[in-house]
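Beneath this line is the structure, given in structure tokens, with notes to follow.
The values are calculated or read from the model by the stated rules, or taken from the named source; none is laboratory data. In this text, all values refer to a predicted model and were calculated from it rather than measured experimentally. Cβ coordinates were reconstructed from backbone atoms using ideal geometry, including for glycine residues, and neighbour counts include every protein chain displayed. With ligands, DNA and RNA removed, areas are computed over all heavy atoms of the protein, side chains included. Shrake-Rupley method; radii C 1.70, N 1.55, O 1.52, S 1.80 Å.
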Number of protein chains: 2
Amino acid sequence: MEKTTKTNTFTFDVFAKDGSARAGRIITPHGNVETPVFMPVGTQASVKALTPAQLHELQVQILLSNTYHLYLRPGEDTIASCGGLHTFMNWQKPILTDSGGYQVFSLGKLRKIDEEGVWFTSHIDGSKHQFTPEISMQIQEKLGADIIMAFDECPPPHDKTYNIEAMHRTHLWAERCLKAKPKNGQTLFGIVQGGIFPDLREASAQYLANLNFPGYAIGGLSVGESKRDMLAMIKVVNAILPENKPRYLMGVGTPEDLIEGIAQGVDMFDCVLPTRLARHHAAQTLRGRINLANAANSQNERPIDPDCGCYTCQNFSRAYLKHLISAREMLAATLLSIHNIHTLVKLAERLRQSILEKQFDLVCQELRASLQQGE
Amino acid sequence: MEKTTKTNTFTFDVFAKDGSARAGRIITPHGNVETPVFMPVGTQASVKALTPAQLHELQVQILLSNTYHLYLRPGEDTIASCGGLHTFMNWQKPILTDSGGYQVFSLGKLRKIDEEGVWFTSHIDGSKHQFTPEISMQIQEKLGADIIMAFDECPPPHDKTYNIEAMHRTHLWAERCLKAKPKNGQTLFGIVQGGIFPDLREASAQYLANLNFPGYAIGGLSVGESKRDMLAMIKVVNAILPENKPRYLMGVGTPEDLIEGIAQGVDMFDCVLPTRLARHHAAQTLRGRINLANAANSQNERPIDPDCGCYTCQNFSRAYLKHLISAREMLAATLLSIHNIHTLVKLAERLRQSILEKQFDLVCQELRASLQQGE
């Protein structure tokens, strides 16, 4: 079976499998990405509260940034005139941009869909804008990420009639994205939709597989459906998507979901959760989530996690973090973001290693037990 | 003339003089400080928006932290039980704590003074507290800084009657601080007061010099008086303070004030200005102050200062900083704080070098011209 996909500017190799779990490598013009991988999100060209130097130190391999936000502010032309997103935000490793679809469809009443695309109202100043597959490609070309995403429609997961309609539109838009794709070597991924309906997910995966994208995302999940539905959909889709293409589960970022996603053959994940939790005073560990704002931490000299090797756990007590939170010091968000991203980066690395060593199931069992048990 | 002061835990050497400007070295239990030096402020045991690792990278030699704030939150006992301030905030280089005096006297109607000390109302929860020289010494002992400050009264600079009264109280309190001084090797500095009145400043410097503190601060300046008055007071005081003791000008932190203070023989400075300016979108350069929020920066690919070697100027454009400010990203405060602290740290270093090379006047002339000329 084919285990490699290759274009001039994009290579993906699956090195090892253990069950459905895969260990591989993506090669882009800005460097390599060992998979499975967690991608932190820099919505507005900044991973909140962290410098690129801190992200390097965290061994982050690839960042995601959002086309919708960057289009509205500062605008793709500003970023292009500053040398593209890598230079603008000073991140010389790989970047992936989404298509703007997810954000636009999240605007609710502020948007109107037709076959051509979507009209929407800016959340910043109320101005009117249109996104189409072609416009999304043009914006993402100017941003200059290594991996760009097809413009898709992300409907509420439980409405079948709407999901059928949206899926067909997503497929037609995928074809338009392929035609309008930048000629500069950016790699375009397709996005599977279909809500929580196995027949739609199957049809969508099949349709897009036939379009021969170099990589695929599973969209429309982690948007309110049950964990059981989410995993069932991943399973259906991954049974159809070609083995030699990377699979990216969009918007997923708990340790539990990474474990189960990787077990089902997912290679890439992104989520704002680690940095958002951090701003809400929560630390994610492999023994569950901890609220540092809790008064019980006020005198606690121990780190968040004595087994964690991150800068925060190596150098700061819970008492100090609790103090920073009480005193509303920005450093709290920085130190907790460092810890939370470290947790997911190292989790993906550990699972990768376990796949290479054919110990994946054993490691997953340990991790699931630890996550359930808590502190 | 004596150029050295030495205790078991504190050494100060003046290596070189050029005019009144001095280059020296302080040795503390947590390491050396090359003077003149700028000390960033970590009011609540955190230099706002920066990690200790970033402060190390900025070659910060010594931090200041505030007794008033730490006493109220998290409390000196919490910090002591976490191993002291160095461990609590993970800063293993020298620390200086103030006495709480300045903050308490800034509370206005929220405080009441008598000979014993000051009763005040917490700005956090309205609770009542008393600071006395003895209590300030006890709190600072628990915090565990290398250098601690005498408890003084800092009156409005232009009211002579009040300044006479406050100065006498400050002198009596200085003697009580010496008696109540921790026995653990912390180094206690005295503080000269006297408003903008040369005769009071002279009397205060003389009185405190006779008490033989290992170092002296000039307090009660940079609180609303003119630059001319400030410099005149520094001159009067430094003519009396012993040559072999370090001189610390409290609360001063513009490049202009560092230059003129060093020219008058000051060795140490602290100020919240670099981090406060950063949170208000301003960059301090040696060509003046720049407001990054200005729309003119939106498309500006140049760094804040092309001649600056800081992480921010080496890696980020004004357009990116302006974008971070518009998008309300915390990273703006971090990157501007890095730049602003770098500017003052490097300025002190450059002036120190010029003193060692007997080029101080020349370098000051260049710096004054550059600061006046602007961009």
Requested in this report: Output ³J(HN,Hα) for the range A:315-330: one whole-Hz value per residue in order, computed from phi by the Karplus curve 6.51 cos²θ - 1.76 cosθ + 1.60 with θ = phi - 60°, and x for Gly and Pro.
Outcome: 10, 9, 8, 4, 4, 5, 5, 4, 4, 4, 5, 4, 7, 6, 7, 4
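Kirkwood hydrodynamic radius of the range B:10-155 from all distinct Cα pairs, in Å? If you can, show how the numbers build up before the last one.
Values: mean 1/r = 0.0614 Å⁻¹.
Radius from the Kirkwood sum: 16.3 Å.
How many times 2.2 N^0.38 Å is the alpha carbon radius of gyration of the range B:81-139? Numbers along the way, then the final one.
Details: Rg = 13.7 Å, N = 59, 2.2 N^0.38 = 10.4 Å.
Rg over 2.2 N^0.38 Å, computed on Cα atoms: 1.32.
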Query raised in the report: Could you name the aspartates and glutamates in cross-link range of A:K346, using Cα to Cα under 13 Å and dropping any fewer than eight places away on the same chain?
Result: A:E34, A:E57, A:D307
Requested in this report: Note down the relative contact order for chain B as a percent, whole number, built from C-alpha pairs under 8 angstrom at least six residues apart.
Outcome: 18 percent
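Using only protein heavy atoms and a 1.4 Å probe, how much accessible area in total is buried between B and A, to the nearest 100 Å²?
Numbers: alone 15460 and 15460 Å², together 27680 Å².
Heavy-atom accessible area buried at this interface is about 3200 Å².
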Query raised in the report: If each of A:Q130 and A:L172 carries a label point 7 Å out from its Cα toward its Cβ, how far apart are those two points in nm?
Result: 1.5 nm
**Report entry** Lone cysteines, chain A (no partner Cβ under 4.7 Å)
**Finding:** A:C82, A:C154, A:C177, A:C271, A:C310, A:C364
Report task. Sketch the reach of a paramagnetic label on A:R276 as a point 7 Å from Cα along Cα-to-Cβ, and name the residues of the range A:345-361 whose backbone nitrogen lies under 19 Å away. Result -> A:345
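When you count, for each residue, the other Cβ atoms within 10 Å and take the mean per peptide, how do B:50-59, A:130-139 rank with the highest first?
Details: B:50-59: 18.3, A:130-139: 21.3.
Put in order of decreasing packing, that is A:130-139, B:50-59.
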Report summary line: accessible surface per residue for the range A:1-80, probe 1.4 Å, DNA/RNA/ligands not counted, whole Å² -> 33 Å²
Report summary line: Once amide hydrogens are built 1.01 Å from N within the peptide plane, the residues lying 5 or more places from B:R22 or on another chain with amide H under 5 Å from its amide H are B:G265
Query raised in the report: Just which residues of the range A:319-341 lose 50 Å² or more accessible area with every protein chain there, against their chain alone, with the probe set to 1.4 Å?
Result: A:Y320, A:H323, A:E329, A:M330, A:L331
Query - Bridge type composition, chain A - antiparallel percent by DSSP, nearest 5 - result: 55 percent
Query raised in the report: aspartates and glutamates within cross-link reach of A:K112: Cα-Cα under 15 Å, excluding same-chain residues under 8 positions apart?
Result: A:D152, A:E153, A:E165
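Under a Cβ-Cβ cut-off of 15 Å, what is the net charge of the residues other than B:K227 that fall near it, where Lys and Arg count +1 and Asp and Glu count -1? Before the final figure, lay out the partial values.
On the way: positive: B:R228, B:K235, B:R368; negative: B:E225, B:D229, B:E256, B:D257, B:E260.
For residues surrounding B:K227, the net value is -2.
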Requested in this report: Between copies, how far apart are the B:P198 label points? List them in nm, one decimal, shortest first, with each point 7 Å from Cα toward Cβ, please?
Outcome: 9.5
Query - Spin-label proximity, A:S226 to the range A:244-280 - amide N less than 19 Å from point 7 Å beyond Cα toward beta carbon - result: A:256-257, A:260-261
Requested in this report: Within 10 Å of each Cβ in peptide B:174-181, how many partner chain Cβ atoms are there on average? Round it to a whole number, please.
Outcome: 0
Requested in this report: Would you tell me which residue of chain B has the beta carbon closest to the rotation axis bringing chain B onto chain A, and how many whole Å away it is?
Outcome: B:M330, 3
Report task. Report the calculated FRET efficiency for A:K183 and A:Q92 (r = Cβ-Cβ distance, R0 = 25 Å), to the nearest 0.05. Result -> 0.65
Query raised in the report: Inter-copy label distances at A:R279, 7 Å along the Cα→beta-carbon direction, one decimal in nm, shortest first?
Result: 1.7
Report summary line: Sorting from shortest, the nanometre distances separating the label point of B:K235 (7 Å past Cα along the line to Cβ) from those of the same residue in the other copies are 8.6
**Report entry** Length-normalised contact order of the range B:1-144 in % [C-alpha pairs under 8 Å, at least 6 apart]
**Finding:** 17 percent
Query - 10 Å Cβ neighbours from other chains, averaged over peptide B:48-57 - result: 4
**Report entry** Burial order of peptide ranges A:65-77, A:282-294 (average beta-carbon count within 10 Å, highest first)
**Finding:** A:65-77, A:282-294
Report task. Sort the following peptides by mean Cβ neighbour count (other Cβ atoms within 10 Å, averaged over residues), highest first: A:156-162, A:187-193, B:35-41. Result -> A:187-193, B:35-41, A:156-162
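Stokes-Einstein D for chain A at 37 °C, 0.692 mPa s, Kirkwood Rh over Cα pairs, in µm²/s? Before the final figure, lay out each step's value.
Details: Rh = 21.1 Å.
Once the numbers are plugged in, D ends up at 156 µm²/s.
For A:295-304, what's the mean count of beta carbons from other chains sitting within 10 Å of each residue's beta carbon? Before the final figure, lay out the partial values.
Working: counts 0, 0, 0, 3, 6, 1, 6, 0, 0, 0.
Mean inter-chain Cβ contacts per residue within 10 Å come to 2.
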Query raised in the report: With all pairs of different alpha carbon atoms counted, what Kirkwood hydrodynamic radius in Å does the protein assembly as shown show?
Result: 28.5 Å
Query - Shape call, the range A:96-229: gyration tensor on alpha carbons, a/c limit 1.5 - result: oblate
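Based on the alpha-carbon set only, what is the convex hull volume of the range A:240-375 divided per residue, in Å³?
Details: hull volume 14.2 nm³, N = 136.
Once divided by residue count, the hull of the range A:240-375 is 104 Å³.
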Query - Tilt relative to chain A, helix A:160-180 - C-alpha long axis, 0 to 90 degrees, to 10 - result: 80 degrees
